[in-house]
Amino acid sequence: MKPVDVVAFDADDTLWHSEDGFHAAEARFVELLTPYASPGVDVMAGLTAMERANLPVYGYGVKAFGLSMVEAAVTIGQDRVPTKVFAQIIDIARDLLLAPVRLLPHVSEVLATVSEHYRVILVTKGDLIHQSRKVGTSGLDHHFDHVEIVLEKDVDTYARIIAEQGVDAHRFCMIGNSVRSDVLPVLDLGGYAVHVPYPFLWELERVETLPSGPRFAELESITHVPGWLGIRAD
């Protein structure tokens with residue numbers, strides 16, 4: 001068993017699908033805006049740049065993404081974009097907000113197993129209302145001793161959560177799909193961190209290289225988490 005008291009899980013793209021929906025939405029946005037973009041304009045790059053600029057103002061989540069799509073459409077298309085296209089952009093965001101939670105394989109079994117041996121919490125970032133709805137409708141909330149929905153996953157945020165959990169940082173483990181958000185800040189604090197990649201990753205979550213060391217692991221699937229923690233199968 002790993003010398004850990006608290007095991008924290010990310011939500012989006014760790015416990016359930018999320019980024020594949022954004023990926024499809026981005027493709028639809030590019031399809032809608034390309035006819036109105038000036039020659040040589042990269043529509044997708046324009047949307048990503050708008051999202052990056054808006055992060056300090058809008059934060060994360062579908063609503064922030066929707067606003068960035070609208071602003072990018074105005075910037076890219078100027079006054080050439082008709083009202084019907086803006087209506088379709090709004091529909092893209094609404095569909096994402098109303099989409100049902102789609103659990104990744106074996107998530108419930110893994111959480112049940114880990115929670116028998118460790119205190120398990122959820123740490124996710126994004127829009128409070130949307131993330132709360134997803135947690136509540138996922139059928140997984142009973143596995144968590146605590147749920148944190150945060151504006152950002154950085155060193156200060158994790159330090160606060162760890163302190164509030166009454167655990168030493170060296171005995172805290174974070175599991176998630178983003179090296180930037182779920183791994184690096186926790187390693188900086190001296191905790192354990194596990195990277196479980198998802199097929200799609202938002203451009204603004206990318207890092208150049210993976211960390212290394214005895215407190216970091218990259219696992220192919222969340223099903224390997226109990227074994228990595230040292231939990232023996234019955």
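At a glance:
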read-out	value
Matching entry among Leu151, Leu184 (being open to solvent by 30 Å² or more (accessible area, probe 1.4 Å) and modelled with pLDDT under 95)	Leu151
Of all residues making up the range 214-224, the number that are open to solvent by less than 40 Å² (accessible area, probe 1.4 Å) and under 16 Å from Pro185 (Cα atoms)	2
Any hit, the range 189-211, residues being over 22 Å from Val167 (Cβ atoms), within 17 Å of the chain's Cα centre (by Cα), outside any helix (DSSP H, G or I) and small (Gly, Ala, Ser)	no
Within the range 133-143, considering residues that are touching a helix residue (DSSP H, G or I) at 6+ places or on another chain (Cβ under 8 Å) and touching a residue at least 60 places away in the same chain (Cβ under 8 Å), the one farthest from Pro100 (Cα to Cα)	Leu140
Every residue from the range 113-159 that is of a type in the set (A, V, I, L, M, F, W, C) and within 16 Å of the chain's Cα centre (by Cα)	Ile121, Leu122, Val123, Leu128, Ile129, Val135, Val147, Ile149, Val150, Leu151
Enumeration of residues in the range 13-27 that are in a helix (DSSP H, G or I) and either of a type in the set (A, V, I, L, M) or under 10 Å from the mean Cα position of the chain (by Cα) (or both)	Glu19, Ala24, Ala25, Ala27
Yes/no for Gly166 being in a loop (DSSP other than H, G, I, E, B), modelled with pLDDT of 95 or more and open to solvent by 40 Å² or more (accessible area, probe 1.4 Å)	yes
Unique residue being touching a residue at least 24 places away in the same chain (Cβ under 8 Å), under 22 Å from Leu204 (Cα atoms), open to solvent by 30 Å² or more (accessible area, probe 1.4 Å) and of a type in the set (D, E, K, R) when the list is Arg119, Arg80, Arg52, Arg102	Arg52
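The values are calculated or read from the model by the stated rules, or taken from the named source; none is laboratory data. None of these values were measured; they are calculated from a predicted model. Cβ: placed from backbone, ideal geometry, glycine included. Neighbour counts: every protein chain shown. Surface areas here come from the heavy atoms of the whole protein model, side chains and all, with no ligands, DNA or RNA. Shrake-Rupley method; radii C 1.70, N 1.55, O 1.52, S 1.80 Å.
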